[in-house]
Amino acid sequence: MVPLFADLDAADLARLCRTVQEVDLPAGEVLFHEGTLADRAFVLHRGQIEVVKVVDGREVTIDTHDEAGTVIGEMALLEETTRLATVRARRDSHLLALDHEQVVSLLLSSPSAAKVILHTLTRRWRSLEAQVHHNERMAQLGTLAAGIAHELNNPVAAVVRGTQQLTELLDRSTESRLVLERADLTADQRARLGALAAEVEQVVSPPSALDALTSVDLEDELEVWLDRHGVDDAWQVAPGLVGLGLTPDRLGQLAEDFGADRLSVLARWLSATFTVRSLLVEVGHGASRVAETVQALKSYVHLDQATVQDVDVNQGLEDTLLFLRHTLLPDVRVERAYAADLPRVGSYASELNQVWTNLIDNAVDAVDGHGTIVVRTHREDAVVVVEIEDDGPGIPSADVTRVFDPFFTTKPPGQGAGLGLGTCHHIIERHRGRITVDSRPGRTVFRVELPAAP
């Protein structure tokens, strides 16, 4: 006997048997798809089925069932909503199909049926929520990892490129300087050489601000001049001299001061020395950027700190924006409006950053590659207020009241698990705060209120 029908009297059972539909489902066939409207529930008679959900483009198996009497699809049917997952046969299966009226009648006439469905609902909800929460966390970890990789890529590349070039350039600079030191220079020329070395140090901090086209034009002009005056490898030497701000007139004056025969070695030394120092500055900036990113990561996840602490909300938002910067296309503008006197918030800090990640990520999706996102903070008495605003199309009015429900999403099936805002709501309540949304076409604002740390 199927547990769902155990308490039915003979007449009710006979009537049910006359109206119930039988479904034969070959292995691999889909019983129903995620996102479709629920019109029937099913009872597994024999075979095996699996429940799958698409999360961020990847299919995740939520559960499998092979026990006779297992009820399938009753959640969406009773709520009269769309399916939360896809169900298909793992092997040839036979099922009984019940429509909405039959399920309601069964619940009213059979206490054991109500108990079976309640037990099934509870177990399945917990299993589905746990599984999708896990995948939501993995997806967020992937987002964080992508953000870290994006932020580290450029500075690390600069460090690697700089260190690869430095050895050759240091040798070239040292060799040219030695040639000049061994030359029969007058005291005035040696003093002039020292002044040139000091000038190089002054120029490379900060680096030249010439735009690329202007630099190329000046390099071409100077290369022609150097070739005409017998300087070897003019194409290598010219960029460094342009960076130093040296013009043909200035080089002509140096040729007069040191002698035309020394112009080639002098030009090579100046160019190599400038380039070495410029690369050292570049490597230093790259290393500093790596250190800043690592520090931002530690702040984001709050490593080596107490679980509960007083946190700077502005800094948490800034760290989150750093790791989501790779998702911001060129036509997406982020405006910051941080209150300078914002009090700290007593919180589970890494959880709050999870909220900021979900809200900002949703805003990025809403503007769809072009628009404005505003991240705003201020205080209202003993409350810290954070607002994430976007100028996207807005949330349909019928959906606004449901956006914080678990598994509810306005995105197409497979593009959202429906747990991001539900997770935000849970975390903010855990912090004794409140999260609300106000949405209309062209303006959606998620508002988070948190009590300031005592």
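Every number here is computed from the coordinates shown, using simple stated rules; none is lab data. Worth saying up front: this structure is predicted, and the values here are computed from it rather than measured. So basically every Cβ, Gly included, is an ideal-geometry build from the backbone, and we count neighbours across all protein chains shown.
Quick notes on this structure:
- With kT/(6 pi eta Rh) evaluated at 4 °C and eta = 1.567 mPa s, and Rh the Kirkwood radius from Cα pairs, region 305-451 diffuses with a coefficient of 83 µm²/s according to Stokes-Einstein.
- Across region 376-389, rounded Karplus estimates of 3J(HN,Hα) from the backbone phi angles (6.51 cos²θ - 1.76 cosθ + 1.60, θ = phi - 60°) give 10, 9, 7, 10, 10, 6, 9, 10, 9, 10, 10, 10, 10, 10 Hz, Gly and Pro being marked x.
- Debye, to nearest 20: dipole size of region 147-288, +1 on Lys, Arg Cβ, -1 on Asp, Glu Cβ: 440 debye
- Residue order, fewest to most beta carbons within 10 Å, for Val386, Val156, Val375: Val156, Val375, Val386
- Rounded, prolate or oblate (a/c below 1.5 giving rounded, otherwise prolate when a/b exceeds b/c) for region 310-362 by Cα gyration tensor: oblate
- Gap separating the Cα centres of region 249-272 and region 166-203, nearest whole Å: 11 Å
- Region 147-288: relative contact order as a whole-number percent, Cα under 8 Å and 6+ apart: 46 percent
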